[in-house]
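One structure below.
The values are calculated or read from the model by the stated rules, or taken from the named source; none is laboratory data. Because the structure is a prediction, the values reported are computed rather than measured. Methodologically, a virtual Cβ is constructed for each residue, glycine included, from the backbone with ideal geometry; neighbour enumeration extends over all protein chains shown. Side chains are part of the model used for accessible areas, which takes the heavy atoms of the whole protein and leaves out ligands, DNA and RNA. Shrake-Rupley method; radii C 1.70, N 1.55, O 1.52, S 1.80 Å.
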Amino acid sequence: MAAAMSVSAVVPPAAAVARARTLLCVPATARAPREMAAEVAAAAALGADLAELRLDRLAGFAPRRDLPALLAKPRTLPALVTYRPKWEGGEYEGDDEPRFEALQLAMELGAEYVDIELKVADKFMKFMSGKKPENCKLIVSSHNYDNTPSAEELAILLAQIQATGADIVKIATTATEIVDVSRMFEILVHCQEKQVPIIGLVMNDRGFISRVLCPKFGGYLTFGSLEKGKESAPSQPTAADLINVYNIRQIGPDTKVFGIIGNPVGHSKSPVLHNEAFRSVGLNAVYVPFLVDDLAKFLSTYSSPHFAGFSCTIPHKEAAVRCCDEVDPIARDIGAVNTIIRKPDGKLVGYNTDYVGAISAIEDGIRATQPTHSTTSPLAGRLFVVIGAGGAGKALAYGAKEKGARVVIANRTFARAQELGNLIGGPALTLTELENYHPEEGMILANTTAIGMHPNVNETPLSKQALKSYAVVFDAVYTPKETRLLREAAECGATVVSGLEMFIRQAMGQFEHFTGMPAVDGKFRALANSLDNPSAVKGNRSTSLKPRL
């Protein structure tokens, strides 16, 4: 692999290269053989292509007693047998020879795949003395739990694994930042072009995209846990989510990649909503969470046209204005971008769909519960208090002012509140001052901060006593749907508007920018209502794929 290859140039293998479909492997991690066999059956029912038997997880494992039962034929799934030592992230603490004997027995009993670590691969080969069955593929693996090496170091590691005589290369690294994953994509592309079977994955939250996008770049397989809590590696998605949310069966070299850029980002329901919306219109696209620390570095690294568009959330909305080549005038006036589109020429164009989504949600909430004038906005002339001075706060302040409201900015850091207040021509307060702020009746409150967002569901930006001064309360937080702020505001008699309404409406705007297609309100609303349990609502969309044996 060329050492000078630019990470920004990562593109999938050419269509001319013959490629098999990426397999979905579910690790079986139970402590007892009978329970492990039940996990394999459950994985088959989910639609997995093979199951990984993690022998090191079994309590009191006895190879000649337990392996014949685990590998008895007929089997519901092909088996990948792993007996991982503690020094490589597993739980086995004994000598190598008993472990080698167990793996050799697994081969003799018909295991389709056996995994051995690079550090002992040569020793294992000598132990086997050429007795590996024809129908068993040997995976030689390397796990780095600290970081992801440079492209040059990964290329050297790849060559070392190939030199052992491996049938399949496995390299698992750890992401310290999301741009690390691009180097793994380079390795996958290189191996696909050279027709070298490879499993290439990057662990932890910043490496999550490697697990979803590996079919795009030619990975041999990816792992999905049977359910949450049964992961065999950090930040492993569930098999159900890979199939039902990310539609992994349909991801290929031509699949366009969209996603939400944020930090944190794991709470976001955007992947569920947008992936289902893409599916509903037959678009060959996938939408993933991007946990990003440095926005400019991320955008310059993933600059291929295949990375076609992004939603942008906390804390990157303001930085996105500076990172885009062009910015829609309204987004520029607001000073925040929540939608980025990559044009065919590579230029990034920024938009803001937050302000329309939030303001229209608040207006409709008021119209549904309070007498309003039919020809003017129900915000006109009213005192509108915005909590937060970040990207969402700027969007709400701009939108409310455009509707004729008198806007007040409250923020934990007064200097930030004052800066935004000066921009929109309104007063600024600290959150402490807001507690006793009550100049008039019928005020509107809009929280645009992350206070009260899961998992910190017991937090609220304003006391219940202070909420008695407001006639309308909006919370941009939508996880949970009913935040403590909204619950207490409703108890005080206020009209409450959920952040889910803003989420749906801004997402509709983003969908139209992403696809050039109109977003149907009813369809998006129905999709949003299924967000709490996407896998159950969507059912099992898996299709049976013939494993590559």
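Before moving on, here are some points about what is shown:
- Once C-alpha pairs closer than 8 Å and six or more residues apart are averaged by separation and normalised to the residue number of the chain, the relative contact order reads 11 percent.
- Taking every alpha-carbon pair under 8 Å whose residues sit at least 6 apart, segment 355-497 reaches a relative contact order of 21 percent.
- Residues whose amide H comes within less than 5 Å of that of T238, counting only those at least five positions distant or on another chain, are S225 (H built at 1.01 Å from N in the peptide plane).
- Segments 382-393, 34-45 sorted - mean Cβ within 10 Å per residue, highest first: 382-393, 34-45
- Taking the 1.4 Å solvent-accessible surface of segment 479-522 as the whole, the part contributed by carbon and sulfur is 50%.
- Surface per residue (accessible, 1.4 Å probe) for segment 86-178, Å²: 45 Å²
- A quarter of the convex hull surface defined by the alpha-carbon atoms of segment 355-497 gives 7.6 nm² as the mean projection.
- With both residues required to sit in the chain, DSSP beta bridges show an antiparallel share near 10%.
- Rounded Å value of the spacing that divides the Cα centres of segment 163-237 and segment 270-314: 19 Å
- Averaging the Cα positions of each part gives two centres, and for segment 413-477 and segment 327-377 these lie 20 Å apart.
- In this rough spin-label picture, where each label sits 7 Å from Cα along the Cβ direction, the N436-K297 distance is 4.5 nm.
- Tensor-based shape of segment 153-250 (alpha-carbon gyration tensor, a/c under 1.5 rounded, otherwise prolate or oblate): prolate
- Nearest 10 degrees, 0 to 90: helix 151-163 Cα axis against the chain principal axis: 30 degrees
- Long-range Cα-Cα pairs in segment 23-253 (distance over 25 Å), rounded percent: 37 percent
- Shape summary: the chain maps onto an equivalent ellipsoid whose semi-axes, from the alpha-carbon gyration tensor, are 50, 24, 20 Å in decreasing order.
- Of the accessible area of segment 306-455, computed with a 1.4 Å probe over protein heavy atoms only, carbon and sulfur atoms account for 52 percent.
- Counting only residues at least eight positions apart within a chain, or on another chain, the lysines with an alpha carbon under 29 Å from that of K347 are K216, K256, K269, K297, K317, K394.
- Among residues other than R84 with Cβ under 13 Å from its Cβ, the summed charge is -2 (Lys and Arg +1, Asp and Glu -1).
- Residue-averaged [θ]222 nm for the chain, counting only DSSP H segments that reach four residues, each worth -39500 (n - 2.57): -10500 deg cm²/dmol
- Carbon-plus-sulfur accessible fraction, segment 133-290 (probe radius 1.4 Å, protein heavy atoms only): 45%.
- Over all other residues within a Cβ to Cβ distance under 10 Å of L58, the charged ones net out to -1, with Lys and Arg as +1 and Asp and Glu as -1.
- Solvent exposure of segment 314-390 amounts to 41 Å² per residue of accessible area, where only protein heavy atoms count and the probe is 1.4 Å.
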